[in-house]
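Asker: Once you've had a glance at the structure underneath, I'll fire off some questions.
The values are calculated or read from the model by the stated rules, or taken from the named source; none is laboratory data. The shown structure was predicted, so the numbers you read here are calculated from the model rather than taken from an experiment. All Cβ positions, even for glycine, are placed from backbone atoms using ideal geometry, and neighbour counts span all protein chains on display.
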Amino acid sequence: MPRHCLQGLNDAGGLAHLLFRLTPLAQPFRFLAHNGEINTIAGNRQWAKARSYKLHSPLLPDLQDAAPFVNERGSDSASLDNMLELLLAGGMDLFRAMRLLIPPAWQGDPTMDPELRAFYEFNSMHMEPWDGPAGIVMTNGRHVACSLDRNGLRPARYILTHERVLTIASEVGIWDYAESDVLEKGRLGPGQMMAVDTYTGKIWQSDAIDQDLQSRHPYPQWLRDHIKRLTPFEQLSAEHIGKRLFTNDTMAQYHKAFGYSREEIEQVIRVLAADATTVPKLALVNKAQDQAYQ
């Protein structure tokens, strides 16, 4: 934040948010502010509620007394802010928390380091992405950071001057500086993160953040030891092809437990299975209104 914004305030970093239209939803901004929207907010709120019983931390022995942890009546920013606050209060650092909440598109990236892929795969088993489009700025009091969701559809441009002043915003030129003062400038790409450690002055680029996170624990080994992966059909032995593993009663229990309706089984799964030997395609469904007009 430029020093002339608030006279008499000395700080190593700050966040500023400009709202272009009035909204009835509260924007608490305890840890973050964002440009855009969280389009997966309904699912994120429901998953937060469903998983609340799993959340424990030795730093918060009475944590469950505070449930529900994510509000469902405020803005999408408020809900994301709630979840980030919960993770930080439980002992998670800012980098780890934000990469858990808003990961890059790691599944289809053949160039990604296998250890980094394992880190994100491990995360995916504990939290669904809070997807935008959203550009998010945040701070935990020490680090000031910016992150784009994996869609990357919100601008986040940065300017670093020779005086070690770093500005990240959705527009350039938000404060007066001479072009000769610019040491470096650029923009964040989809799924990237950038941060400043205000204690040490170190600037963290996205690659450095990921390398630090992937090296903290043996994520590939954890996945090998604790995940059972399905064998691809083409790799099955002949005696297993076409063999049924479950009775009708057991299959019905699984259908109910995982929310499969008769309509999905007949109109989606059966169609996909029948065409699996040729070109994969999606089943076509006509959702017409069959209620009589009054």
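Asker: Quick one: would you say Val172 is free of Cβ contacts under 8 Å to residues at least 24 places away in the same chain and either exposed (fewer than 15 other Cβ atoms within 10 Å of the Cβ) or closer than 19 Å to Leu94 by Cβ (or both)?
Answerer: Yes.
Asker: Please determine, by comparing only the residues of segment 156-166 that are out of contact with any Leu (no Cβ under 6 Å at 6 or more places or on another chain) and either touching a residue at least 40 places away in the same chain (Cβ under 8 Å) or surrounded by fewer than 13 Cβ atoms within 10 Å (Cβ to Cβ) (or both), which one is nearest to Met138 (Cα to Cα).
Answerer: Per the stated criteria, the residue is Arg164.
Asker: Could you say which residue among Pro190, Pro129, Pro155, Pro114 is at pLDDT below 90 and either assigned by TED's automatic domain parsing to the domain that holds Lys49 or of a type in the set (Asp, Glu) (or both)?
Answerer: Matching residue, one of Pro190, Pro129, Pro155, Pro114: Pro155.
Asker: Please return the ranges of helices (runs of 4 or more DSSP H) entirely within segment 179-279 where 3 or more residues are in contact with a helix residue (DSSP H, G or I) (Cβ under 9 Å, 6 or more places away or on another chain) and not aliphatic (A, V, I, L, M).
Answerer: Ranges flagged: 206-214, 219-226.
To keep it simple, each residue is scored yes or no on (1) surrounded by fewer than 11 Cβ atoms within 10 Å (Cβ to Cβ); (2) modelled with pLDDT of 55 or more; (3) in contact with a strand residue (DSSP E or B) (Cβ under 6 Å, 6 or more places away or on another chain); (4) of a type in the set (Gly, Ala, Ser).
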site	(1), (2), (3), (4)
Thr247	yes, yes, no, no
Ser261	no, yes, no, yes
Glu266	no, yes, no, no
Ala274	yes, yes, no, yes
Thr278	yes, no, no, no
Leu282	yes, yes, no, no
Gln289	yes, no, no, no
Ala292	yes, no, no, yes
